[in-house]
Amino acid sequence: MGSLARFLLLAPLAAVAAEDPVTRLDTLTVTATRVPTPLRDVGSSVTVITADDIAARQVYTVADVLRSVPGLDVVQSGGLGKTTSVFLRGANSNHTLVLVDGIEVNDPSSPGGLFDFAHLTVDNIERIEILRGPQSTLYGSDAIGGVIHIITKQGADTPRHGLSAEGGSYGTWKVLGNTAGRIDRFRYALSASQLHSHGFSAADDRLGNEEDDGYRNTTVSARAGWQALDNLDLDAAVRFHHSDTDLDNCGGPGCDDPDYTQKEDQVFARGQARLDLLDRRWRQQLRLSYSRTERRFRDRLDPADSFAADSNFRGEKFKLDWQNTVTPTAWDTLVFGVTTETEWMDSNDLATRSATTNGFYGENRIQWLDRFVTTAGIRLDDHDTAGDKVTWRVTQVVRFPETGTKLRGSYGKGFKAPTLYQLFAPDSGFGPVGNRNLKPERSRGWDVGIDQSFWNERVLVGATWFHNRFSNLIDFQFGSGYVNVAAARSSGLETYAELHPLDFLTLRGTYTYTNTEDDREQPLQRRPRHKGSFDADLALTERGRLHVNVLMVGSRHFGPFDIKQKLPGYVVVNLAGSYRLTPWLTLYGRIDNAFDQEYEEVPGFGTSRVAGYGGVRLTF
């Protein structure tokens, strides 16, 4: 290469390298330690997805945002609104605790106590934090495999308002309005949206199912805060979802059911008071949270279906959490607190049942020699039916600022109390179901990892090796009901790379290898052994933006032990773009499954073909 050509190629890169670093490692996370902490000081494996990352993808649901997260798998039984589960590091779908602004939203009326991501839209979300590994020390039950925390927006200094409307394939349209701002000591953020889609058949139309299964979603999200005193801050958040979903009664040929529907209402609410004392060395936070999920299924008789059923489920959870954060020195932070939580459920065949869990937790984080960060925590939980459980967790960070290297590791234990359904479900015609003698499920896991930055943090790469073991797992056995009989383990490698070669270009890639086995040494269902993703975000001009997402998912196993079915892997390409015509008007659009890949996430259930969507956004 000639000297002039070499200069023209390298000069722009050299100019960029001389600029300020990207400082992605200074991104704050609150989920890993329950206090805002830079990622460079966190020993756990954490992924933070920002509002800008979400906007670049232009998707409707949080589940679609999570698909590119290393170590996390999303499985959906059809299109919009259909049951959507996540599997974190090979753990069961009900082993992940889901929080919205600190509110525990796992459904107490679900047999396994999981959270269905089908109806959680991206409206008003500031960031999403994914914390991998057993996290019961800070979060108690349900965090046996990890935590997903959705944090909504707060008002900024300058009030901003927005309106958007979009439409596209499958008769889909969405309208959204939002406003956010700050007036003196008061801040606020509010959004409301309507999403409608005629959809496609939940049971795969390639198997002869012709009826479209539609979906309707109404979401309202609000958050407000008031700096009552210089040392007293009050904050409240509420989120409401209402959805109507058309379902099919199975997956496979002949599964169309025109009369099978589900209606769901979800309410998540939280109030918090934060008081700073002793020159802000002692912070007290009192949180009161409430969640409610109601599900109503209706299936009328029709010529294609001789079975009719109406069923209702209601789950509620109330939690009080008093957290104290004490910082006696600049290098020592102590977090401790007390929680009490009561959950209720009822359904057609189960009268109202409840359970209360009281918890006591503490964690100490020490930074020393500007290179080492050590955390150690312990927790005691007492469930009024399943008894008490002690969990603990330690993490270690070793930094080498001279080389941009961070070594990290963690070891911890988790537990999950039996659900109300598993404890109290009435006997059926085939034998017992509920079992009041169930013990909590348990996990223990460790990971070790490295994060390496180059070029003023414009290049970040990392890898994490993990191992989890699950025991005392609750399983259903005909003739015995729910019993503690199962065990499983998972191990694997999570890798990522992020490059910012130019100010207008960001490249990201992930690859995860996950090996899972049950107590019969068979792979666990629905978890792919290989998974990867690639994202490119390109600012074509000051006004235009293009995003490319490539998702690669390996083969998965489904079905019981003796008739396992293996679904082939697939690659899906998604495109999104936007163009700002004026300071207040933006056009945007996206193409899902751009190359029309035929694939299934669940045997017999449909997935989107190539689909296009476009819209307009006003901001003022």
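For a quick protection proxy, order the peptides 348-360, 246-258 by their average other-Cβ count within 10 Å, most packed first.
Details: 348-360: 15.5, 246-258: 19.0.
Final packing ranking: 246-258, 348-360.
Classify the range 243-397 from the C-alpha gyration tensor, please: rounded if a/c falls under 1.5, else prolate or oblate depending on whether a/b exceeds b/c. Please report the intermediate quantities before stating the final value.
Values: a/c = 2.96, a/b = 2.54, b/c = 1.17.
Prolate, since a/c reaches 1.5 and a/b exceeds b/c.
Mind listing the Cα extents of the range 310-379 along all three principal axes, in Å, largest one first?
63, 20, 15
Quickly rank 427-435, 131-139 as a protection proxy: mean count of other C-beta atoms within 10 Å, highest first.
Values: 427-435: 13.1, 131-139: 27.1.
The densest-packed peptide leads the list: 131-139, 427-435.
Give me Rg/Rg_expected for the range 513-620, where Rg uses Cα atoms only and Rg_expected = 2.2 N^0.38 Å with N residues.
Working: Rg = 19.2 Å, N = 108, 2.2 N^0.38 = 13.0 Å.
Normalised Rg, Cα atoms only: 1.47.
Quick one: divide the alpha-carbon radius of gyration of the range 36-75 by 2.2 N^0.38 Å and tell me what you get. Can you show the working numbers first?
Numbers: Rg = 12.0 Å, N = 40, 2.2 N^0.38 = 8.9 Å.
Dividing the Cα Rg of the range 36-75 by 2.2 N^0.38 Å gives 1.34.
What do the square roots of 5 times the Cα gyration tensor eigenvalues come to for the chain, in whole Å, largest first, as semi-axes of the equivalent ellipsoid?
So the equivalent ellipsoid measures 36, 32, 26 Å along its semi-axes.
What number results when the radius of gyration of the range 198-323, computed over Cα atoms, is divided by 2.2 N^0.38 Å?
Numbers: Rg = 22.5 Å, N = 126, 2.2 N^0.38 = 13.8 Å.
Rounded to two decimals, the normalised Rg is 1.63.
For a protection proxy built on the mean count of beta-carbon atoms within 10 angstrom, sort 595-603, 381-389 highest first, please. Numbers along the way, then the final one.
Numbers: 595-603: 15.2, 381-389: 17.6.
So the peptides 595-603, 381-389, ranked by packing, come out 381-389, 595-603.
I'd like to know which of GLY79, ASN178, SER109 lies farthest towards the positive end of the charge dipole of the chain, counting +1 on Cβ of Lys and Arg and -1 on Cβ of Asp and Glu.
Result: ASN178, furthest along the dipole toward the positive end.
Across the chain, how many lysine pairs, 8 or more apart or on two chains, come within less than 13 Å at their alpha-carbon atoms?
5
So what's the gap between the Cα centers of the range 449-505 and the range 124-139, to the nearest angstrom?
Using only Cα atoms, the two centres lie 13 Å from each other.
Quote the convex hull volume per residue of the range 482-522, based on C-alpha atoms, as a whole number of Å³.
Details: hull volume 3.9 nm³, N = 41.
Cα convex hull per residue, to the nearest whole number: 96 Å³.
May I ask for the distance between the Cα centers of the range 67-119 and the range 245-294, given as a whole number of Å?
For the range 67-119 versus the range 245-294, the Cα centre distance is 11 Å.
Quick check: Cα centre of the range 181-211 to Cα centre of the range 543-596, how many Å?
The distance from the Cα centre of the range 181-211 to that of the range 543-596 comes to 17 Å.
If contacts are Cα pairs under 8 angstrom and at least 6 residues apart, what is the relative contact order of the range 19-619 in percent? If you can, show how the numbers build up before the last one.
Details: 1783 pairs, mean separation 74.2, N = 601.
Taking the mean separation of contacting Cα pairs over the length of the range 19-619, I get 12 percent.
Taking the convex hull of the alpha carbon atoms in the range 339-384, what volume per residue do you get, in Å³?
Numbers: hull volume 4.0 nm³, N = 46.
Normalising the Cα hull of the range 339-384 by residue number yields 86 Å³.
Every number here is computed from the coordinates shown, using simple stated rules; none is lab data. Owing to the predicted nature of the structure, the values given are computational and were not obtained by experimental measurement. Cβ atoms come from the backbone with ideal geometry, glycine included; neighbour counts cover every protein chain shown.
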